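None of the figures in this text is laboratory data; all of them are computed from the coordinates on show. Note that the coordinates shown come from a computational prediction; the quantities given were computed from them, not determined experimentally. All Cβ positions, glycine included, derive from the backbone under ideal geometry; neighbour counts span all protein chains shown.
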């Protein structure tokens, strides 16, 4: 099912033995466009500390408006490695985090996740132990591929013939956690504008320093595309109309993980 970052923002996270906080944003990798972590504000429980929660631990189904349940204890979360979400999160820090929870690395294979197209763990995973850390591995400290949804929110969208709006949200598959669409608000481009969806595959270039996203679409193509409403369910019928308006082949016709 397709969900959005804005819908799960503020959602409570329930561990096996109690509440641990609420979702504040998400981190996605800029190579495969997959949400790798949810940032959870723990509030007064851990002195306003923010922690990362991996989709590996999220239990299904994920339902809008309902708490997210994770296969972790409060003690495990409390003792997890400190990560400053105001600073870039490198692969070295990720290795430490994944090692603590005994999760596999996701970046070495061709699939979205280490075990395939979904964040599923082996049937008999290593039992996570609070305080368990991964052995040192040589990873360049500057190897950074995670982007904050909150930071990318507001990026300028450049069509082939000029600006068309800005990034407002992200729509993702809540089973694979793959980002399917950027939600673009075009109301600062023309009176009576609307929100539309643009797939990452239609992006030509991203400038992380200038905060802009260039797409292989014209203004008129975006203007003529179906309107997106946050209250709607993005079903296959809507997606077919969306892809047809852009003259793009549907991803559902391809082999997916």
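What the table below lists for this structure:
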item	result
The stretch 2-148: antiparallel DSSP beta bridges as a percent of all, rounded to 5	90 percent
Residue exposure sequence - 60, 145, 166 - by fewest surrounding Cβ within 10 Å	60, 145, 166
Ranked 160, 11, 209, criterion: other C-beta atoms within 10 Å, fewest first	209, 160, 11
Gyration tensor (alpha-carbon) shape descriptor, the stretch 2-148, a/c threshold 1.5	rounded
Angle in degrees between helix 91-101 and the longest Cα principal axis of the chain, rounded to the nearest 10	50 degrees
Sequence of 111, 235, 29 once ranked by neighbouring C-beta atoms within 10 Å, starting from the fewest	235, 111, 29
Within the chain, percent of DSSP bridges classed antiparallel, to nearest 5	90 percent
Kirkwood hydrodynamic radius (C-alpha pairs) into Stokes-Einstein, the chain, 25 °C and 0.890 mPa s, D in µm²/s	127 µm²/s
Helix 236-246 vs. the chain, principal-axis angle (Cα, 0 to 90°, nearest 10)	50 degrees
Cα-based shape type of the stretch 153-253, given that a ≥ b ≥ c are square roots of the gyration tensor eigenvalues and the cut on a/c is 1.5	rounded
Calculated [θ] (222 nm, deg cm²/dmol) that DSSP helices of n ≥ 4 give over the chain, each run adding -39,500 (n - 2.57)	-4000 deg cm²/dmol
